[in-house]
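Trainee: Below is one structure. I have some questions about it.
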Amino acid sequence: MNTSAAAPINQLVDPYKKTPIRAYPLESFSSANARIDDARTAQQRWQHLPIAQRRELFLNALRYIEHNLDGYASRISDEMFKPLRQARGELEAGLGKLRRIADMAEGALHDTTVAANGQPFAYTMRRVAKGLIYTIAPWNYPFFTALNSIGPALLAGNAVVLKHASTPSVGELFERAFNTMGGISGLCQHLSIDIPTSNRVILESAIDHVVFTGSVAGGAAMAQLVGQRASNLTLREPFLQTSLELGGSDAAYVAADADPVKAAQMLISVGRLHNSGQSCCATKRLFLHQQIAPAFLVEARALMEKQVPGSPHDPATTMGPLFGGPRAVEGLMAMVTDAVAAGATVLSGGKVVEKDGYSFILPTLITGVNLQMKIMREEAFGPILPVMVVANDDDALAHINHALFGLTTSVFTDNAALQDRVIDTARSGTVFINWCNDVHAEVAWSGWGHSGNGMPALSDLGFEALTRTQSIVRALA
């Protein structure tokens, strides 16, 4: 008689229709830890390959993703309701970013000769792989967010273990693409574990760095766990560094000299409504100069009212359901109701509709807001945009840092002096000039304040964050 207990099951359920999406077994801590040990063994071989060879193998591995784009795009749509066209676009754009990251690797990881300044020594500094990187990725951009650490980590000579519980198909995609390269197996593994098991991994397992993208509360929990780990001096690496990229309530200012129609097209279609507004770096607080406000609001309202909510598998859909289900819809409506009760005006949307078995909050434009309203202080993770009209640049600059988040700030102006003032004023990791809601491999990506701990991803600094510095000091004869 077999008395062994069956593995627990994680069941993904559609929060609207209460129907199952996908079930998969959860691993125990001992199983996850064994795979972590396998990854460490693989990493010891991988790190000794020349950078050029790792790059070539990495680029070859991208072919698996290229050949399976449509299938994984469909599964992403099933798991987090992103419209199918947008899911495929995320995979395609992510492939381009991974290629650019690979092109940067040799330059970012080369040894650096340091001037001796008359000392009788030769100085060199080199980048050495940390070892095993633990990436915990979110559901909203499941491929995009995870690749920001997985790409640089592998190219730098690390191995990776990934937790992607809400969109497990993306975890499987990374594992199938990158787990075996150059005949070395175990380099990139997706762990099917729950939160308590993940916490034990951080506290007890032989990992060397944690990358977490998610909520502010989740980031605080990561920091507490890493602090607890530091008391366990039996571990080889008790003092973990973390890369935390958390929420955002990003501000944008459209100045008097901006083209209001072009600015609206960028800020509404890309800045606020892409991915149904479920983006950490989406524009969530908008300041308009009074001279261009009327024209901007006319265009913004038209763009919002053109959106087509519906099933993520309907080609006509431009706005899929919110991942969080009815609770997420209710939370956003509560923000709108709170603002209206305090004197704000709903210019567009502001109501819930039912379609294809889903609930949608229509894209919502709110004017007459003030800084005390929740909608101007807290993160609104969905298609609602509060707008404050200001009399001048000084008023806008006085308000852009009002929220506690610091992911991005945007300004739309051709005035170089004003651009510089915004750059100097903004407390955020990225400042966009006539642009918004985007992530570039070539420059560092980091969150300040409640948006993260400032540890950079991407760019040369992203490689630096996932490696250690080793200094070589040679005495000269």
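Trainee: Can you name every one of the strands (runs of 3 or more DSSP E) wholly within the range 101-216 that holds 2 or more residues which are among the basic types (Lys, Arg)?
Mentor: 121-129
Trainee: Look through Leu62, Leu95, Leu57 and report the one residue that is under 20 Å from the mean Cα position of the chain (by Cα) and in contact (Cβ under 8 Å) with a residue 24 or more places away in the chain.
Mentor: From the options Leu62, Leu95, Leu57, the qualifying one is Leu95.
Trainee: Also, I was wondering about something else. Condition first: over 19 Å from Ala426 (Cβ atoms) and of a type in the set (Gly, Ala, Ser). Now tell me which residues in the range 230-255 satisfy that.
Mentor: Matches in the range 230-255: Ala230, Ser231, Ser243.
Conditions tested, residue by residue: (1) surrounded by 23 or more Cβ atoms within 10 Å (Cβ to Cβ); (2) assigned by TED's automatic domain parsing to the domain that holds Pro142; (3) over 22 Å from Tyr253 (Cα atoms); (4) not small (Gly, Ala, Ser).
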{"site": "Ser279", "(1), (2), (3), (4)": "yes, no, no, no"}
{"site": "Gln307", "(1), (2), (3), (4)": "no, no, yes, yes"}
{"site": "Ser311", "(1), (2), (3), (4)": "no, no, yes, no"}
{"site": "Phe323", "(1), (2), (3), (4)": "no, no, yes, yes"}
{"site": "Ile361", "(1), (2), (3), (4)": "yes, no, yes, yes"}
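Trainee: Among the numbered criteria (1) farther than 30 Å from Leu322 by Cβ; (2) surrounded by fewer than 20 Cβ atoms within 10 Å (Cβ to Cβ); (3) in contact (Cβ under 8 Å) with a residue 12 or more places away in the chain, which single criterion is violated by Gln44?
Mentor: (3)
Trainee: Let me ask something else about it. Any residue in the range 419-432 that's within 17 Å of Pro456 (Cβ to Cβ) and assigned by TED's automatic domain parsing to the domain that holds Phe287: show its pairings with residues that are assigned to a helix (DSSP H, G or I) and of a type in the set (A, V, I, L, M) at Cβ separation under 9 Å, as long as the two are six or more apart or on different chains.
Mentor: That search, which allows pairs on different chains as well, returns Ala426/Leu397; Val431/Val422; Val431/Ile423.
Trainee: If you don't mind, there's one more thing I want to ask. Could you list, ordered by first residue, the pairs with Cβ atoms under 8 Å in which the first is in the range 441-458 and closer than 13 Å to Leu246 by Cα and the second is at pLDDT below 95, at least 6 apart or interchain?
Mentor: His450/Gly247; Ser451/Gly247
Trainee: Could you tell me whether the range 96-111 includes any residue that is closer than 19 Å to His274 by Cβ and modelled with pLDDT of 95 or more?
Mentor: yes
Trainee: Another question about this same structure. Among the residues that make up the range 343-351, is at least one of them in contact with a Phe, Trp or Tyr (Cβ under 6 Å, 6 or more places away or on another chain) and part of a loop (DSSP other than H, G, I, E, B)?
Mentor: The answer is no, given that none of the residues of the range 343-351 is in contact with a Phe, Trp or Tyr (Cβ under 6 Å, 6 or more places away or on another chain) and part of a loop (DSSP other than H, G, I, E, B).
Trainee: Quick one: in the range 98-131, which of the residues that are basic (Lys, Arg) and over 21 Å from the mean Cα position of the chain (by Cα) is farthest from Ala73 (Cα to Cα)?
Mentor: Arg126
Trainee: Still on this structure: Just the residues that are among the aromatic types (Phe, Trp, Tyr) and within 11 Å of Asp250 (Cβ to Cβ), please, taken from the range 398-446.
Mentor: Phe405, Phe432
Trainee: Turning to a different aspect of this structure: Please go through the range 32-55 and pick out each residue that is part of a helix (DSSP H, G or I) and touching a helix residue (DSSP H, G or I) at 6+ places or on another chain (Cβ under 9 Å).
Mentor: Of everything in the range 32-55, those that are part of a helix (DSSP H, G or I) and touching a helix residue (DSSP H, G or I) at 6+ places or on another chain (Cβ under 9 Å) turn out to be Ala32, Asn33, Ile36, Trp46, Ile51, Ala52, Arg54, Arg55.
Trainee: Check the range 47-57 and report whether any residue there is outside the structural domain of Lys355 (by TED's automatic domain parsing), touching an Asp or Glu at 6+ places or on another chain (Cβ under 8 Å) and buried (at least 17 other Cβ atoms within 10 Å of the Cβ).
Mentor: Yes: one or more hits.
Trainee: Another question, if that's okay. Do you know which residues across the range 318-362 are farther than 25 Å from Leu297 by Cα and touching a Lys or Arg at 6+ places or on another chain (Cβ under 7 Å)?
Mentor: Scanning the range 318-362 gives a single hit, Gly357.
The values are calculated or read from the model by the stated rules, or taken from the named source; none is laboratory data. Being a predicted model, the structure only gives us computed values, none of them experimental. So basically every Cβ, Gly included, is an ideal-geometry build from the backbone, and we count neighbours across all protein chains shown.
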